[in-house]
Amino acid sequence: FEAHGFDEVILLTEEEARKDAILKALARVKEEGQEDDLVVFFYAGHGATIRTKDDETMGYLVPINCRRGHEEEEGISMGTLTQMAKAMPHRHTLFLMDACYSGLGLSDARRVAKTSKRSKTTSRSKDVLAGARGRSVQVLTAGGSMDKAFEADGHGLFTRQVLNCLRGLSPESKDGIISGREIAMRVKSKVKAETGGWQNPQFGSQGSGDVVFTLGRVDSVAGTAVAMAN
């Protein structure tokens with residue numbers, strides 16, 4: 001994240017990545033953020049899917065101090081995260097979750113394939129940058145509730161493909177610009193192919209805009225990255 005120009009990175013690992021510390025970091029981001037900021041929340045760790053009393057499912061992050069069977073009290077629900085994101089002043093918020101669970105809490109998860117197609121009458125870069133003007137909260141997870149998150153070469157397959165996009169190693173990012181929806185489309189396709197369909201990343205978004213990364217420029221992003229690993 002520092003390599004991509006974020007002016008602040010909050011890193012919590014191992015024992016630091018507790019529920020209260022994670023929520024405190026997000027509260028700080030909300031308090032200090034500005035309208036034009038991009039906030040990226042990256043989580044690598046365990047996830048769980050819990051069936052609620054209403055017979056619906058909700059995804060939970062499982063911090064290092066969360067006991068098995070106590071995810072609803074000691075974990076962090078996707079509902080909590082998305083509500084916090086909606087209350088933030090930032091125009092763009094992107095959650096990258098290298099953990100498996102369902103219950104994204106965002107309504108148009110299945111639109112990524114359609115909305116990632118660019119118009120033939122305008123340049124791709126103009127289309128991408130036009131999407132940056134609108135507010136957007138996006139979530140990209142490593143898999144669904146029944147998926148196993150595979151690893152290789154010291155990274156989750158999901159994380160490796162995300163990094164490839166941000167490093168300009170995917171076709172979509174060769175021109176130095178890539179959107180959140182393009183990252184999602186690329187990661188979903190590559191991870192599914194690498195695992196023979198055993199791992200299927202999930203994407204959801206809310207808002208009229210799209211998260212945009214301008215790669216290769218130190219001053220490209222004014223914002224905060226909140227990275228968690230446990």
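The values are calculated or read from the model by the stated rules, or taken from the named source; none is laboratory data. Nothing here was measured: the structure is a model prediction, and the numbers come from that model. Virtual Cβ from ideal backbone geometry, glycine too; neighbours counted across all protein chains shown. Ligands, DNA and RNA are stripped out before the accessible areas are found, and what is left, the full protein with its side chains, is counted by its heavy atoms. Shrake-Rupley method; radii C 1.70, N 1.55, O 1.52, S 1.80 Å.
Annotations
- When we screen Val187, Val137 for residues that are touching a Pro at 6+ places or on another chain (Cβ under 6 Å) and open to solvent by less than 20 Å² (accessible area, probe 1.4 Å), the only hit is Val187.
- If the condition is being part of a loop (DSSP other than H, G, I, E, B) and of a type in the set (A, V, I, L, M, F, W, C), then region 177-210 contributes only Trp198.
- Considering (1) modelled with pLDDT of 90 or more; (2) among the charged types (D, E, K, R); (3) open to solvent by 40 Å² or more (accessible area, probe 1.4 Å), the lone condition that Lys148 does not fulfil carries the number (1).
- Flag for Leu61 being closer than 27 Å to Val187 by Cα and out of contact with any helix residue (DSSP H, G or I) (no Cβ under 7 Å at 6 or more places or on another chain): yes
- Selection count, region 151-176, where residues are modelled with pLDDT under 90, within 27 Å of Gly134 (Cβ to Cβ) and either touching an Asp or Glu at 6+ places or on another chain (Cβ under 6 Å) or in a loop (DSSP other than H, G, I, E, B) (or both): 7
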